[in-house]
Amino acid sequence: MNEKRRTLLKAMGGSTALAGLAGCISTGGDGGDGSDGGDGGDSGEGGSGGSARLWTDLADSEDEAMSEYVSQYESETGNNINKEAPGGELDQQLETAIPAGDGPDSWIWAHDWVGRFAVREDPPFLYDASDDVDVSLDGYTQAAREAAQFDGGLYGLPFASETVALFYNEDIVDEPPETMEEMVSIMDEHHDPDNGQYGLSFPATDPYQASGFIQAYGGDIFDESNLEVGLDSDACKQGMDALETLYGYTPADPGYESQIVAFADGLAPFAINGPWILGDFQNDVDNLGVTTLPTIDGNHPRSYSGIQLFYFSSMLADADPSTVDVATDLAEWYTTNEDIILTNADERGYIPVLTDVVGNEDLSAEVQAFAEQVDYGVPMPSHPDMDSVWNPLTEALERVFNGEQESAAALDQAASEIREAL
């Protein structure tokens, strides 16, 4: 998910995908191998010739790869997958389509929607596939399998974790910075907006992307364990000060596309973004590096991490049994196929959550960098109350970015709005 995925969660993810999620899955029975590119679930359902509708909202390189995998699945099983990109923000499209009875049978997104959609009742948005999935959940990392479940229901299957990290152009930067001070020093050398040069490409008014810096000093934007808002804590305000420093080195338009173009065109030495953009950056930047976010006063930024899922839609509740079989079979096949998991890790920076793959020594340096940042980060809250956090925080970040409000006051206002909404 490019801007689509990570705008307001978004990066996957978006997520990338994440908490101690650098671990993964070995499925029960003989469905989890996948090393021969075969079926990751009950291969017996594969030849039924059924069909299912899949919605995706992916970056270009991700979308191309997913289309190839879908074609491979169709060829191997005889099933048909109607893969569609509905356009616009995916959650808004779902909000329109599902009540109208025209939603997908499955869609791909980070785990943060599980709680929000699982509690929807009129109409329901998710389908509990506990009795339909044939793979063993024990094969996935603990964080990954927990991300797919809510209140005892299984609403998807996980295939990757994600978080944001620091991209750098090796033709511009000799050594990647380990600290914020080092990064600022390098950005100072290159930031010249009057001549179209910038220190950083960073869609930093996106709360998911900005979360690591806000939470760097130990504060939590939203504490899921006790359902408390911590955005206006002293710790979060310290982190916001660091984030505001970065604002001074980015292009004037905080929009996602405007930001990524600066780095892709070689006009900035650094970019902060997620693994979903790795393939596109690799196509644009000859010598691309990826590393963890720089420390701030010795603190590692605690970026949100997400688990990417194949969601099971409530459309399956009244669907033909063959459609349920195909939707769940596709998810099983994809999420347990070692060839797919390794290829996605190598080419797209996806962090595996399949236990048979997660410790693979051949994982690329890029994946290892994202995985290390995941270890420093925190899982994105999936509690339904988190839905009340995103918009007020986004608006606060925009006001600070545009110089309309001091950062501490902006966080105070956002926290107040969030509490009123809860």
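No value in this document is a laboratory result; all are computed from the given coordinates. Keep in mind the model is a prediction, meaning the values are calculated, not measured. FYI the Cβ positions are ideal-geometry reconstructions off the backbone, even for glycines, and counts take in every protein chain you see.
The stretch 167-317: percent of C-alpha pairs farther apart than 21 Å? Before the final figure, lay out each step's value.
Numbers: 5389 of 11325 pairs.
Everything past 21 Å amounts to 48 percent.
Dipole size in debye (nearest 20) for the chain around its Cα centre, Lys and Arg Cβ +1, Asp and Glu Cβ -1?
Once rounded to the nearest 20, the dipole reads 700 debye.
Taking amide H atoms as placed 1.01 Å from N in the peptide plane, list the residues 5 or more away in sequence, or in a different chain, whose amide H sits under 5 Å from that of Arg53.
HN-HN under 5 Å from Arg53: Asn82, Asp105, Ser106.
Of the listed values (i) 22.2, 73; (ii) 22.2, 76; (iii) 20.6, 62, grab the one calculated as Rg and Dmax of the Cα atoms in Å from the structure here.
Working out Rg and Dmax of the Cα atoms in Å from the coordinates points to (iii).
Name the residues whose placed amide hydrogens come within less than 5 Å of the amide hydrogen of Tyr140, ignoring near sequence neighbours (fewer than 5 apart) on the same chain.
HN-HN under 5 Å from Tyr140: Ser26.
Can I get the semi-axes of the stretch 222-309's equivalent ellipsoid? Compute them from the C-alpha gyration tensor as square roots of 5 times the eigenvalues, in angstrom, largest first. Please report the intermediate quantities before stating the final value.
Values: eigenvalues 153, 57, 34 Å².
Over the Cα atoms of the stretch 222-309, the ellipsoid semi-axes are 28, 17, 13 Å.
Charges only on Cβ, +1 for Lys and Arg, -1 for Asp and Glu: so what's the dipole of the stretch 132-241 about the Cα centre, in debye to the nearest 20? All intermediate terms of the calculation are to be shown ahead of the outcome.
Working: 2 positive and 25 negative charges, 82 e Å.
Value, rounded to 20: 400 debye.
Tabulate in residue order the Karplus-calculated ³J(HN,Hα) for the stretch 159-171, using 6.51 cos²θ - 1.76 cosθ + 1.60 with θ = phi - 60°, rounded to whole Hz; enter x for Gly and Pro.
Computed from phi, the couplings for the stretch 159-171 are 9, 6, 10, 7, 7, 8, 9, 9, 8, 9, 8, 5, 6 Hz.
With unit charges on the beta carbon (Lys/Arg positive, Asp/Glu negative), name the residue among Gln308, Leu267, Ala327 whose Cα is farthest towards the positive pole of the charge dipole of the stretch 196-346.
So the residue furthest toward the plus end is Leu267.
Show the residues, 5+ positions off or on another chain, whose built amide H is closer than 5 Å to the amide H of Arg302.
For Arg302, whose amide H was placed from the backbone, the distant partners under 5 Å are Gln215, Ala216.
Could you run the Debye sum over the Cα atoms of the stretch 109-229, one equal point scatterer each and no solvent, and tell me log10 of I(q)/I(0) at q = 0.09, 0.12, 0.13, 0.16 Å⁻¹, two decimals?
Listed by q, the Debye log ratios stand at -0.45, -0.70, -0.77, -0.94.
To the nearest 500 deg cm²/dmol, what mean residue ellipticity at 222 nm is calculated for the chain from DSSP H runs of n ≥ 4 alone, each contributing -39,500 (n - 2.57), summed and divided by the residues? Write down the numbers at each step before the final one.
On the way: 16 runs with 160 residues, N = 422.
After summing the helix terms and dividing by residue count, I get -11000 deg cm²/dmol.
Fewest first, what order do Val367, Val164 take by the number of other Cβ atoms within 10 Å?
On the way: Val367 25, Val164 34.
So the residues, fewest neighbours to most, are Val367, Val164.
How large is the convex hull of the C-alpha atoms of the stretch 267-336 per residue, in Å³?
Details: hull volume 11.6 nm³, N = 70.
Given the Cα convex hull of the stretch 267-336, per-residue volume reads 166 Å³.
Ordered by packing density, taken as the mean number of other Cβ atoms within 10 Å over each peptide's residues, highest first, how do 380-390, 348-358 rank?
Values: 380-390: 21.3, 348-358: 26.6.
So the order, starting with the most tightly packed, is 348-358, 380-390.
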